[in-house]
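Reading through the structure tokens given below for one structure.
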Amino acid sequence: MPAIEHPRLLNLPLRLEGEKVVLRPYAPGDGERFFAALEEDRTDLDRWMAWPASQHRTADEAESYVRNMAGKWLTRDALIMGIFSKDEQTLYGGTGFHGFDWKVPSLEIGWFLRKSARGQGIATEAIRLCCELAFEHIGANRVWGTIDVLNEASWRAAERAGFTREAHLRGECRDHHGVVRDTFVYAMLAREWVTG
């Protein structure tokens with residue numbers, strides 16, 4: 001895959017639809033849905049992620065976040081999308097790409113789901129839709145992500161989506177609770193991408 005010289009010129013779809021979910025960039029007005037997803041169980045989300053518990057404590061803060069992500073989508077500084085129900089009335093979580101190496105091109109993926117959306121194949125479908133964006137629309141060579149070894153639900157979803165575990169980094173970092181953790185690295189290459 002060739003390097004991407006001008007990522008801001010990428011023409012990307014504004015909607016990706018699967019059997020269970022719709023992925024799309026956040027837009028003004030999505031803050032209320034985003035806030036509701038976080039409020040469902042902040043303690044649970046805080047186990048894996050620093051920002052839900054410490055940020056977006058009000059609906060206005062959530063609205064500010066989604067508008068910020070909408071702007072970053074336009075400039076290609078981040079490609080963050082909401083994971084919505086098919087009617088787009090419920091936000092199940094968020095996903096997308098927040099780290100780039102446009103020379104490879106390589107994209108770092110991440111995701112979260114509200115508690116009530118787990119165990120239904122939603123994460124796996126959202127990850128697959130992100131890969132469709134990366135490989136079919138962006139022309140990425142590699143999509144990768146890091147997952148806490150203890151976050152079995154997330155690494156199982158990555159495996160179901162077709163990712164390969166490339167590394168087990170022992171004592172690799174401290175999490176947001178100050179605990180030294182092990183990290184798995186998962187990745188998929190363009191040549192491994194299979195649609196359907």
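Kindly indicate whether any position in region 108-120 is surrounded by fewer than 18 Cβ atoms within 10 Å (Cβ to Cβ), of a type in the set (Ser, Thr, Tyr) and assigned to a helix (DSSP H, G or I). The answer is yes, given that some residue of region 108-120 is surrounded by fewer than 18 Cβ atoms within 10 Å (Cβ to Cβ), of a type in the set (Ser, Thr, Tyr) and assigned to a helix (DSSP H, G or I). Candidates in region 123-170 are the residues that are open to solvent by less than 60 Å² (accessible area, probe 1.4 Å) and part of a loop (DSSP other than H, G, I, E, B); of these, the one that is farthest from residue 12 (Cα to Cα) is 149. Only one entry in 60, 77, 87, 46 is among the charged types (D, E, K, R), over 19 Å from residue 23 (Cα atoms) and open to solvent by 60 Å² or more (accessible area, probe 1.4 Å), namely 60. Among residues of region 54-76 that are touching a residue at least 24 places away in the same chain (Cβ under 8 Å) and over 13 Å from residue 28 (Cβ atoms), those with a beta-carbon under 7 Å from a residue that is open to solvent by less than 60 Å² (accessible area, probe 1.4 Å) and outside any helix (DSSP H, G or I) at least six positions away or on a different chain give the pairs 76/10.
Apart from one condition, residue 148 fits all of (1) without any contact (Cβ under 8 Å) to a residue 60 or more places away in the chain; (2) in contact with a Lys or Arg (Cβ under 8 Å, 6 or more places away or on another chain); the exception is (1).
Residues in region 160-174 that are within 27 Å of residue 125 (Cβ to Cβ) and in contact with a Lys or Arg (Cβ under 7 Å, 6 or more places away or on another chain): 161 only. Looking at the structure I just gave you, is residue 95 at pLDDT 95 or above and either open to solvent by 10 Å² or more (accessible area, probe 1.4 Å) or within 24 Å of residue 125 (Cβ to Cβ) (or both)? Considered against the rule, which asks whether it is at pLDDT 95 or above and either open to solvent by 10 Å² or more (accessible area, probe 1.4 Å) or within 24 Å of residue 125 (Cβ to Cβ) (or both), residue 95 comes out as yes.
Contact annotation: residue pairs with Cβ atoms under 6 Å, 6 or more positions apart or on different chains, pairing a residue in region 3-18 that is in contact (Cβ under 8 Å) with a residue 12 or more places away in the chain and among the small types (Gly, Ala, Ser) with a partner that is part of a loop (DSSP other than H, G, I, E, B) and open to solvent by 30 Å² or more (accessible area, probe 1.4 Å), are 3/103.
The values are calculated or read from the model by the stated rules, or taken from the named source; none is laboratory data. Small disclaimer: the values here were computed from a predicted structure and weren't measured. Backbone-built Cβ (ideal geometry, glycine too); neighbour counts: all protein chains shown. With ligands, DNA and RNA removed, areas are computed over all heavy atoms of the protein, side chains included. Shrake-Rupley method; radii C 1.70, N 1.55, O 1.52, S 1.80 Å.
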